[in-house]
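What follows is a single structure, written as structure tokens, with notes after it.
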Amino acid sequence: MITAAGNGASLLDLQTLLIASGMVVAICGVSFVINTVFGRNDPSGRLWSAAFIAGILTTISFAIWGAESSAWWAIAVGNASLVLAMGCVWAGARLFNGRTSRFAFVLGGSALAALAVVIEGPGGGDWAGGFVFLSGVAVFSVLAGAEALRGRMRRNLNGRILAMLMLTVGAYYGARAVVFLVATPDSSIFQEAFGTEVTTFFTILFVIVASSSMSILRVERSGNRGSRPLEYGNWHGTLPDALFSSPAADRIRRANRHGERVAFLGAEIDNMADINIAFGRAFGDDAIEAFSSILQDHLPTTAIIGRRAGAQFACLVMADDLEQAHDIVERVRIALVDEPVDTSTGIRLSVSWGVVLVEQDEPDIAALTAEVRHLVKSAQEAGGNRIEGRSATAR
């Protein structure tokens, strides 16, 4: 993603270096994009994939300019693409940390880099729009590094590695911009310290480390979410299916002995398959985790909460009658409106509910589960985001 155009004395085989750099960018970029498309297609991963695609476009554009000096427009495309690439790394890091992407600023910076070349036109030479280009790369690299030292990324080793890498890139391109402005690109200090050969070596190291760090970040984020219920036996205090039935049955027996009533709740996030298709599996996992947290926060502290399959949940709450059980569910429904899954998109969940008031009898969790599942299905068939309830049939 970091490619430079410039002329000067070559201490190394420049053509070989450029070919190697292009191959590294292409291989790492294509690999990352394929993993994003066929893996967990999360919003931050899509922006990081766009960064690699822009990096590949940068390499192609500068190769065209090197082969055909009359194709001055290729410099505009290459400069804009590299600024866009660094901006996408920053925007993706913001989404990874649960913030808005600010992608409009990225597009603006990229357009400015292209405009600077267009203003100078064919007479601008190799470094047309060079100061704007170098400054844009430096600014977005520093922003990406600073963002990687915040929130969720800061707590991850690979996030900190990416932060140090982006800050180093920002410092390098910032120094290039200063030397470019003060000493011009034809000066010996620019050619020796910031020329094409040095930058190409820097490019190869950067792309390899950056692609590895971002790939591991994405995998670890998804893997941690998926493995939590299996490794720890709960997810924000929500019991997996295998551990839910026994404590639920025990709670019903003890309530019966004290003459207290219990309500069995079933809940399922509506249109979960469509959510996964539209926003990616990672967003779907976030939605399930968000709903689990809302249940923990807004159901009574005496409630037992279990996650069944997929986006299905079962809960046991103390309730004297169906009206009280409905009131408890309504508190959760209000929280679903007040607390979006993702603050950057504002998307809120629709959940269908089944409520059964348990009879004072020997508990049959399997039968209760079947009853609430039938009620949830009825609520979904009626349009979703509804509550269906009744007293349990005698057994």
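Structure values in brief
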{"item": "Residue match in region 216-232 (condition: among the small types (Gly, Ala, Ser), touching a helix residue (DSSP H, G or I) at 6+ places or on another chain (Cβ under 7 Å) and modelled with pLDDT of 80 or more)", "result": "no"}
{"item": "Residue within region 345-355 that is among the polar types (S, T, N, Q) and at pLDDT below 90 present", "result": "yes"}
{"item": "Any hit, region 13-25, residues being at pLDDT 85 or above, in a helix (DSSP H, G or I), under 29 Å from the mean Cα position of the chain (by Cα) and not aliphatic (A, V, I, L, M)", "result": "no"}
{"item": "Lone qualifier among ALA379, ALA325, ALA370 - being in a helix (DSSP H, G or I), free of Cβ contacts under 8 Å to residues at least 40 places away in the same chain, in contact with a strand residue (DSSP E or B) (Cβ under 6 Å, 6 or more places away or on another chain) and not aromatic (Phe, Trp, Tyr)", "result": "ALA379"}
{"item": "Qualifying residue in region 165-187 (condition: under 20 Å from ARG218 (Cα atoms) and modelled with pLDDT of 85 or more)", "result": "yes"}
{"item": "Qualifying positions in region 119-135 - on the phi < 0 side of the Ramachandran plot and surrounded by fewer than 16 Cβ atoms within 10 Å (Cβ to Cβ)", "result": "ILE119, PRO122, GLY123, PHE131"}
{"item": "Search result, residues across region 138-171 that are free of Cβ contacts under 8 Å to residues at least 12 places away in the same chain and either more than 20 Å from ILE208 (Cβ to Cβ) or not in a helix (DSSP H, G or I) (or both)", "result": "ARG154, ARG155"}
{"item": "Residue check, ALA104 modelled with pLDDT of 90 or more, within 20 Å of VAL142 (Cβ to Cβ), assigned by TED's automatic domain parsing to the domain that holds GLY159 and surrounded by 23 or more Cβ atoms within 10 Å (Cβ to Cβ)", "result": "no"}
{"item": "Lone unmet requirement of (1) over 27 Å from ARG99 (Cβ atoms); (2) modelled with pLDDT of 65 or more for PRO43", "result": "(1)"}
{"item": "Residue within region 286-300 that is outside the structural domain of PRO43 (by TED's automatic domain parsing), more than 17 Å from ILE387 (Cβ to Cβ) and assigned to a strand (DSSP E or B) present", "result": "no"}
{"item": "SER101 farther than 22 Å from TRP73 by Cα and outside any helix (DSSP H, G or I)", "result": "yes"}
{"item": "Scan of region 79-101 for residues that are of a type in the set (Ser, Thr, Tyr) and either without any contact (Cβ under 8 Å) to a residue 60 or more places away in the chain or crowded, with 24+ Cβ neighbours inside 10 Å (or both), ordered by number", "result": "SER81"}
{"item": "Search result, residues across region 172-204 that are touching a Lys or Arg at 6+ places or on another chain (Cβ under 8 Å) and either without any contact (Cβ under 8 Å) to a residue 12 or more places away in the chain or surrounded by fewer than 14 Cβ atoms within 10 Å (Cβ to Cβ) (or both)", "result": "none"}
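This table checks each residue for (1) more than 15 Å from ALA91 (Cβ to Cβ); (2) crowded, with 17+ Cβ neighbours inside 10 Å.
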residue: SER44; (1), (2): no, yes
residue: ILE64; (1), (2): yes, no
residue: ALA71; (1), (2): yes, no
residue: ILE75; (1), (2): yes, yes
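The values are calculated or read from the model by the stated rules, or taken from the named source; none is laboratory data. Bear in mind the structure is a predicted one, so any value in this text is a computation, not a measurement. Methodologically, a virtual Cβ is constructed for each residue, glycine included, from the backbone with ideal geometry; neighbour enumeration extends over all protein chains shown.
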